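In what follows, a single structure is set out as structure tokens and then discussed.
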Amino acid sequence: MNATEWKEKLSAIRDSFSVSITNRSAENPEALELRFLGRKGELALLLRDLKDIPLEERKALGALGNSAKAEMEARLSELKAAAGRAAGPAASGIDLTLPGLPCPKGSLHPLTITMNRLAEGFLKLGFTMSDGPLVEDDYHNFEALNFPPFHPARDMQDTFYVDAKDAAGKDMLLRTHTSPVQIRSMEKQEPPIRVFHTGRVFRSEAVDASHSFTFHQIEGLYVDKGVSMADLKWTVDTFMKDLFGTGVKTRFNPSYFPFVEPGAEVDMSCIFCKSGAGRCHVCKGTGWLEMMGAGLVHPNVLKACRYDPAKWSGFAFGAGIERFAMLLFGIHDMRMLYENDLRVLKQVQ
Ligand code: FA5
């Protein structure tokens, strides 16, 4: 093929492309692309023929061929864009009517839900939230709470020790209850004080349906002038009624905690059998559920925090959050709260 024939052939291909793309005959843009620009397309084959043409003419013809190719590519891409616009997303294989991929919704853990509910109750009663560390020193966990060293009351709360010393050279420990937050709050603030705290605590205990080595407690503290057991009883009773309904009753039994005097265990009437008659497996037929420890803040505790016991008095209470969660959600085994079994967690929203 000589140069003139090559040019004529190029012109014929351009015309043919132009007619095809204008009429859009039966061909879609992809087919046109393949026919003219594909590896074995009409233009590609013509460009390959350039090798037979003398060098001095080949350069100019090559430029002509490349500009024809660029022009065809531009028109094809316009055509593809127009076809896509006309046919909508379906043309690109996207079906917008299909349901989306499922995105499972998470929810708060039952213990978090319970802590939030308890917190709401105390915020309503005018308490503010307080905080304290999980790794405590002996002073805040025991001594300032009137547990002298070697006192047998320490046996009630065996714990885990950390490989670090506190300021007095004693081993740091994982706090056994939330009561150290009483001390930390009083150290930070002058009376009157009305605070609560929820958080994790630890004890060296065997695990069973109602005990764990790590669990959660809520602590409340109110110190002011003339605070009495009557204030404690009203506060606890109001809080319980707010959480479990106005039908519940509370009662106080004498009990011992080194940091309160007098001390009490607070029971709530059983929300399941409501009477104690029959064989309720929750209250074991007694009609009462043990809910928390409480009492008036011991003068030694006030003194440790530089509050004058002659001027100030207060009450404190502490309860296990797992117990509340189990009652609120009808969970019979505490271990279910830690196993993260979705069959359990999905029932609690
Ligand atoms: C205390 O921890 C006191 N600090 C409570 C207190 C605060 C009394 C303020 C007076 C004034 P006790 O050891 O009884 O008390 O624990 C309180 C609650 O924590 C228990 O009623 C129980 O619900 C929960 N609890 C105790 N041990 C465990 C355990 N191993 N696993 C799960 N819950 C527990």
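The values are calculated or read from the model by the stated rules, or taken from the named source; none is laboratory data. Remember, predicted model here, so these are calculated numbers, not experimental data. Glycine also receives a Cβ, built like all others from the backbone with ideal geometry; neighbour counts cover every protein chain displayed. Quick note on the areas: whole protein, heavy atoms, side chains included, nothing else; ligands and nucleic acids left out. Shrake-Rupley method; radii C 1.70, N 1.55, O 1.52, S 1.80 Å.
Some observations on this one:
- Test: residue in the range 329-348 that is within 30 Å of Ser228 (Cα to Cα) and either near the ligand (Cβ under 9 Å from one of its atoms) or surrounded by 14 or more Cβ atoms within 10 Å (Cβ to Cβ) (or both): no
- Boolean, Ala70 is of a type in the set (A, V, I, L, M, F, W, C), under 60 Å from the mean Cα position of the chain (by Cα) and either open to solvent by less than 20 Å² (accessible area, probe 1.4 Å) or assigned by TED's automatic domain parsing to the domain that holds Leu10 (or both): yes
- In the range 148-185, of all residues being away from the ligand (no atom under 16 Å from the Cβ) and assigned to a strand (DSSP E or B), the one that is surrounded by the fewest Cβ atoms within 10 Å (Cβ to Cβ) corresponds to Asp163.
- Residue in the range 233-243 that is within 11 Å of the ligand (Cβ to nearest atom) and acidic (Asp, Glu) present: no
- Residue within the range 253-268 that is aliphatic (A, V, I, L, M), away from the ligand (no atom under 11 Å from the Cβ) and under 22 Å from Ala325 (Cβ atoms) present: yes
- Counting only strands (runs of 3 or more DSSP E) that fall entirely inside the range 242-333 and contain at least 3 residues that are touching a residue at least 24 places away in the same chain (Cβ under 8 Å) and more than 34 Å from the chain's Cα centre (by Cα), the qualifying elements are 250-255, 260-269, 288-297.
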